[in-house]
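Down below is the structure, laid out as structure tokens.
The values are calculated or read from the model by the stated rules, or taken from the named source; none is laboratory data. Values in this document were obtained by computation on a predicted structure and should not be read as measured data. We place every Cβ from the backbone using ideal geometry, glycine too, and count neighbours over all the protein chains shown. Ligands, DNA and RNA are stripped out before the accessible areas are found, and what is left, the full protein with its side chains, is counted by its heavy atoms. Shrake-Rupley method; radii C 1.70, N 1.55, O 1.52, S 1.80 Å.
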Amino acid sequence: MIALLARDLRLAVRAGGGFGLGLAFFLIVTVLVPFGVGPETAILRAIAPGILWVGALLACLLSLDRIFALDHEDGSLDLLATAPLPMEGIAFVKAAAHWITTGLPLVLAAPALGVLLHLPGPGYAWLLVSLALGTPALSVIGTFGAALTVGMKRGGLLLSLLVLPLYVPTLIFGAEVARRGAAGLAVETPLLMLAGISLGAVALLPFASAAVLRINLR
């Protein structure tokens, strides 16, 4: 599993679909929002948590089609299916590699980009916590969607349509944690819901992804 994780990290960096692409898109969204809604500080403070979460979610979508597509094109996925490593472990490693190359950079960059939207001071820590808890769910759910569409022509659009509805609960509770934290309100309920979604996704979806991959590889 460690060797597979290291391989996927190297491929993500070489292919250019990892660190830079997601961060660049996240930055573009954050910079364009003030131009669209105006420079009023009060408005930007109110919408900052939601905008940052939407930007992080969309940035995660950019590289989902690469999770299994490259392995499918060069035949590596067939070899992985016959390897001693269970398919569930392969799906988990793929999700972990996606989170390290896409989700983790977004988590680290979000507080800096929050300055551009005048995020209130107490909201920075809670934004960091909410993204750290929520982005693993985005990667695992995205891995499941990538497994469903592997081998399909123009599967990227279908992948987005399949995954976006599944992302909605994570988006709702993640943005709510950041919003309540910025306003100084209690965050326990949305925080626990967000953690429950991530833990449930990590525990269950690798098995669903493995089952779908076995069907697609038959």
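Our summary gives the stretch 73-218 a relative contact order of 34 percent, counting only alpha carbon pairs under 8 angstrom and 6 or more residues apart.
Of the residues Pro136, Pro49, Pro86, which exhibits the maximal mean-square fluctuation in a Gaussian network model of the chain defined by a 10 Å Cα contact cut-off? Of the options given, Pro86 has the highest mean-square fluctuation. Under 20 Å from a label point set 7 Å out along the Cα-to-Cβ vector of Arg45, the amide N atoms of the stretch 103-134 belong to 111-128.
Using the Karplus relation 6.51 cos²θ - 1.76 cosθ + 1.60 with θ = phi - 60°, the per-residue 3J(HN,Hα) values for the stretch 174-186 come to x, 5, 5, 4, 5, 5, 5, x, 5, 8, x, 9, 5 Hz, with x marking Gly and Pro. Taken one residue at a time, the phi angles of the stretch 66-72 give Karplus couplings (6.51, -1.76, 1.60, θ = phi - 60°) of 8, 4, 10, 5, 5, 5, 5 Hz. Gly and Pro are set to x. Between Leu158, Ile90, Gly123, whose Cα lies farthest towards the positive end of the dipole of the chain when Lys and Arg beta carbons carry +1 and Asp and Glu beta carbons carry -1, centred on the Cα centre? Working it through, the farthest residue towards the positive pole turns out to be Leu158. Averaged over its residues, the stretch 56-211 has an accessible area of 43 Å² per residue, based on protein heavy atoms and a 1.4 Å probe. Here r is the Cβ-Cβ distance between Val37 and Leu164 and R0 is 25 Å; the resulting FRET efficiency, rounded to 0.05, is 0.65.
What is the magnitude of the charge dipole of the stretch 10-84 about its Cα centre, with +1 placed on the Cβ of each Lys and Arg, -1 on the Cβ of each Asp and Glu, and no other charges, expressed in debye to the nearest 20?
320
Once the C-beta distance of Leu27 and Leu157 is scaled by a Förster radius of 30 Å, the resulting FRET efficiency is 0.80 to the nearest 0.05. Fully extending the segment from Ala211 to His118 would add 29.0 nm, taking 0.36 nm per residue of separation and subtracting the current Cα-Cα distance. Comparing Leu61, Leu32, Leu119 in a Gaussian network model of the chain (Cα springs below 10 Å), the most mobile by mean-square fluctuation is Leu32. 3J(HN,Hα) along the stretch 132-138: 5, 7, x, 5, x, 5, 4 Hz, from the Karplus curve 6.51 cos²θ - 1.76 cosθ + 1.60 with θ = phi - 60°, whole Hz, x for Gly and Pro.
If you take the beta carbon distance between Leu185 and Ser76 as r and set R0 to 41 Å, what does 1/(1 + (r/R0)^6) give as a FRET efficiency, to the nearest 0.05? Given R0 = 41 Å and the Cβ-Cβ separation, E is 0.30. Between the stretch 35-95 and the stretch 173-197, how many Å separate their Cα centres? Centre-to-centre (Cα) distance: 22 Å. Residues considered: Thr149, Thr135, Thr41. Largest GNM mean-square fluctuation over the chain, using C-alpha springs under 10 Å, is found at Thr41.
Extension gain, Arg218 to Val13, is 70.8 nm, computed as 0.36 nm per intervening residue step minus the present C-alpha separation.
Label separation (Leu204 vs Leu58): 2.9 nm, computed from points 7 Å beyond Cα along the C-beta direction.
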